[in-house]
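First the structure, in the form of structure tokens, and then the observations on it.
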Amino acid sequence: MGMQVDDGMEGKSNIAQPGSQRLIFPGIIAGLGTMFEWYDFFIAGLIAATVWPEIFFPKSVPLMALLLSMLAYASSTFARPVAAAVFGHYGDRIGRKQVLIYTMLFMAVASFGTAAVPSYAAIGILAPVLIFALRILMGFGVGGEWQGAVTYLAELAAGRGASRGFWSSFPSAMSGVGMGLGGLSLLILGLVMPHQEYIAWGWRVPFIVGGFLVVFGVIARYRLLETHLFTKVKEAGQVLRYPAFSVWRYQWRNIILFAFAMWPFTILPTYVSDIFGAPLIAALHIAPFPYNYAATFVARGIFSVIGALLGGVLAVKYGGKIVMLAGIAAGLVLTPIYFALLPHMATISGGFAYTVALASVTELAQYLGYGAMAVFAAEIFETKWRYSGVGYGMQLGALIYGLTASVLTASLIGMAHGLAHVGPLFSEATVIVSVIGLIATALLRKAGKSEIE
């Protein structure tokens with residue numbers, strides 16, 4: 001990858017000076033990538049579960065078509081660790097800002113490309129091959145995004161107390177906005193478009209919209225300034241030759257633990273309120289699909305944003321590890337309760353309102369830990385390899401999650417003989433994941449006082 005050193009690094013005017021810059025513009029622009037990542041994550045996941053089996057795998061029996069479709073969706077996760085190595089290397093060598101532009105370029109190509117892939121009926125086996133390739137390309141782009149945004153904002157807000165916690169967790173908060181926008185876009189299409197038209201071409205519209213959103217983000221990121229912490233390392237001649245390899249040598253334990261520590265913050269929301277949440281509510285006749293999307297995703301978006309930002313602020317005050325443990329423990333308690341009560345919600349007055357309320361509280365608890373995780377991750381790794389270290393932990397965790405949430409979930413639905421009966425299996429899976437996450441988080445440790453504090 002021919003990434004060149006930005007000549008802006010030579011001028012002080014292109015460097016954010018400590019405590020001198022307002023963080024609203026860089027915070028929003030840096031968070032756009034994560035917002036799109038989770039927007040794409042949601043629309044691609046739901047479309048893979050409901051449309052792609054018919055469009056790209058029509059020759060297979062229904063369950064196999066679903067498995068192949070979800071595998072195509074999950075294939076993006078295989079590229080994420082590779083992306084963490086590539087973007088981490090350049091992010092720790094040439095700077096955070098420039099690499100964050102490249103990550104969004106890959107996302108734009110993948111999003112527009114997905115919208116343009118013809119059906120199996122039109123080009124045969126080439127159609128699913130292209131879908132697999134474009135999902136891998138998307139995974140490569142997003143595989144350098146969250147850690148880059150967290151690293152950039154944490155360094156930009158270094159030494160600013162609660163403000164550092166707020167902005168470090170901002171990319172995590174934007175994930176909730178992205179999934180909310182994804183749900184809203186599919187809801188609108190479902191309401192205004194006949195089902196056959198939606199299957200034929202309507203599902204492509206959200207990918208086109210997402211592509212234009214990413215193009216805007218690319219343009220806006222050219223206006224960002226490089227962080228003073230990275231510039232300080234660069235001017236001191238402390239930039240490592242191979243940071244993406246060096247961090248494994250000295251921080252391999254934290255990377256692996258971080259990967260498993262983030263698992264609960266992805267798998268639990270997926271089952272409760274994201275890809276499988278609203279369809280499960282419909283399957284249990286609590287509220288019709290897709291009309292339950294509006295309330296589910298508005299509530300989810302609000303509570304996830306509040307939870308992530310609050311978690312970031314609390315992490316600075318009380319410690320990231322403590323807040324992460326609290327979030328995982330709350331999810332461990334609340335998620336089984338949610339699935340135990342869910343089958344009874346269709347038989348009581350106001351059952352859907354209670355369902356949304358319980359899902360929202362569960363989401364809030366999870367995102368408290370997710371926001372704290374961003375703060376703690378930036379503290380664990382030093383500036384010289386922060387982009388690489390945070391990236392490896394996040395993207396290896398995403399790989400674990402992608403395999404669990406896609407292929408395994410489709411298998412669980414098959415074992416339960418339908419979505420309406422899968423709740424107990426989802427509950428058991430989340431308990432196992434939460435216990436693993438608690439152990440991994442408890443074992444994480446910082447080497448000492450981080451310069452980012």
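List of remarks:
- Residue check for Arg160: of a type in the set (Lys, Arg) and closer than 28 Å to Tyr401 by Cα: no
- Lone qualifier among Tyr370, Tyr392, Tyr354, Tyr387 - being surrounded by 24 or more Cβ atoms within 10 Å (Cβ to Cβ), modelled with pLDDT of 80 or more and within 22 Å of Met179 (Cα to Cα): Tyr370
- Evaluation of Ser349 against (1) under 20 Å from the mean Cα position of the chain (by Cα); (2) not in a helix (DSSP H, G or I) (one fails), failing number: (1)
- All positions within region 214-226 that are within 24 Å of Gly159 (Cβ to Cβ), out of contact with any strand residue (DSSP E or B) (no Cβ under 8 Å at 6 or more places or on another chain) and buried (at least 21 other Cβ atoms within 10 Å of the Cβ): Arg221, Leu224
- Exclusive hit being at pLDDT below 90, over 24 Å from Arg22 (Cβ atoms) and crowded, with 20+ Cβ neighbours inside 10 Å, set Leu181, Leu189: Leu181
- Residue count for region 110-147 satisfying the condition of being under 23 Å from Leu396 (Cα atoms) and touching a Leu at 6+ places or on another chain (Cβ under 7 Å): 1.
- Note on region 92-120: residues that are surrounded by fewer than 24 Cβ atoms within 10 Å (Cβ to Cβ) and not in a helix (DSSP H, G or I) amount to 5.
Per-residue answers, yes or no, for (1) under 25 Å from Asp92 (Cβ atoms); (2) modelled with pLDDT under 90:
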| residue | (1), (2) |
| --- | --- |
| Ala116 | no, no |
| Ala133 | no, no |
| Gly139 | yes, no |
| Tyr152 | yes, no |
| Gly161 | no, yes |
| Pro171 | yes, no |
| Ser185 | no, yes |
| Met193 | no, yes |
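- Counting the residues of region 191-210 that are under 21 Å from Phe112 (Cα atoms) and either touching a residue at least 24 places away in the same chain (Cβ under 8 Å) or hydroxyl-bearing (Ser, Thr, Tyr) (or both) gives 10.
- Residue in region 334-343 that is under 26 Å from Ala374 (Cβ atoms), modelled with pLDDT under 80 and touching a helix residue (DSSP H, G or I) at 6+ places or on another chain (Cβ under 6 Å) present: no
- Scan region 145-196 for residues that are farther than 27 Å from Arg96 by Cα and either acidic (Asp, Glu) or not in a helix (DSSP H, G or I) (or both) and the total you get is 2.
- Ala127 being surrounded by 18 or more Cβ atoms within 10 Å (Cβ to Cβ), closer than 26 Å to Met262 by Cα and among the hydrophobic types (A, V, I, L, M, F, W, C): no
- Residue check for Ala154: in contact (Cβ under 8 Å) with a residue 12 or more places away in the chain, touching a Leu at 6+ places or on another chain (Cβ under 6 Å) and either surrounded by 20 or more Cβ atoms within 10 Å (Cβ to Cβ) or among the small types (Gly, Ala, Ser) (or both): no
- Among (1) part of a helix (DSSP H, G or I); (2) out of contact with any Asp or Glu (no Cβ under 9 Å at 6 or more places or on another chain), the one test that Pro206 misses: (2)
- Condition met for Ala79 (of a type in the set (A, V, I, L, M, F, W, C), under 24 Å from Phe212 (Cα atoms), under 20 Å from the mean Cα position of the chain (by Cα) and at pLDDT 90 or above): yes
The values are calculated or read from the model by the stated rules, or taken from the named source; none is laboratory data. Here the structure is a predicted model, which is why all the values come from computation and not from measurement. Quick reminder, even Gly has a Cβ in these numbers, built from the backbone with ideal geometry, and neighbours come from all protein chains shown.
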